[in-house]
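Working notes, beginning with the structure itself.
The values are calculated or read from the model by the stated rules, or taken from the named source; none is laboratory data. Here the structure is a predicted model, which is why all the values come from computation and not from measurement. Cβ sites come from the backbone with ideal geometry, for glycine too, and all protein chains shown count toward neighbours. Only protein heavy atoms, including side chains, enter the accessible area calculation; ligands, DNA and RNA are left aside. Shrake-Rupley method; radii C 1.70, N 1.55, O 1.52, S 1.80 Å.
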Amino acid sequence: MRVCPQILFFLVSFVVAQISLAATQDAEALKDLKLAEFTKLSGQFRQSKSLKELDVEIKTEGTFQVSRPTVDTSVFHWNIEKPKPSNICIDRVGIVVDSGTPLKRKNLKFSEVGREAGDQIASLLKIITMNQSRIVEEFNIQKQGGLFLLTPKKPAQAFFESSTLEIDKAGLVKKVLILEKSKDEIRIEFLGMKTQNSAVAKDEKCTR
């Protein structure tokens, strides 16, 4: 069973936007940048994807949450409210997707989503844990004014050419622009973000 490309689009775009910031310190793009530390991050998102050849823009919006039960594990929730409700959860075990009307649940282990998708998701989980050395291995980082430009060090294995980030004063990503190899664009705006630093349950996981 292969995972829907749209699901990977949501997962990849969020992680690239919110987590790859940790690389900026090692790249010395901003020596005085203090990145937000948290055990839980939540907020709202507005997302659009422009399909250049079709002159079509796809828009979605909803809420998200990232929990870090331990330094090495994360649980990620991406809840789409518009245009069609669906809920995506990803943890160390795999992906749980609730979609359709009425909502139907798909419970996929990483071994069931296809090798390529599984490798991408496994890599993303390492980024979600803010493994700084891994992130530095993945991206080249440049500062352009008040923005950061990220380009994959292994472009042949990436689905995008570059990602441009705008960061708020709290050290979180406010806006992101992802340029895909197809020249289509993904734009994401994060709103009402809240962080928590108190411990979360170590056995937290997706509901199955």
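Table for the structure above
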item	result
Straight-distance crosslink candidates among lysines, where the alpha carbon sits under 21 Å from Lys174 and sequence neighbours closer than 8 are dropped	Lys31, Lys34, Lys40, Lys49, Lys59, Lys82, Lys143, Lys194
Cβ-derived FRET efficiency at R0 30 Å, Leu51 paired with Asn79, nearest 0.05	0.80
Relative packing of 181-188, 83-90, which averages over residues the other C-beta atoms within 10 Å, highest first	83-90, 181-188
Nearest-0.05 FRET efficiency for Lys205 and Ser111, computed from C-beta distance (R0 22 Å)	0.80
Per residue value of the accessible surface for the stretch 35-98 (all protein chains in place, 1.4 Å probe), Å²	50 Å²
Packing rank of 167-174, 142-149, 62-69, where each peptide gets the mean count of other beta carbons within 10 Å, highest leading	62-69, 167-174, 142-149
Rounded to whole Hz, the Karplus (6.51, -1.76, 1.60) HN-Hα couplings of the stretch 175-188, x for glycine and proline	9, 9, 10, 10, 9, 7, 4, 6, 6, 5, 10, 10, 10, 10
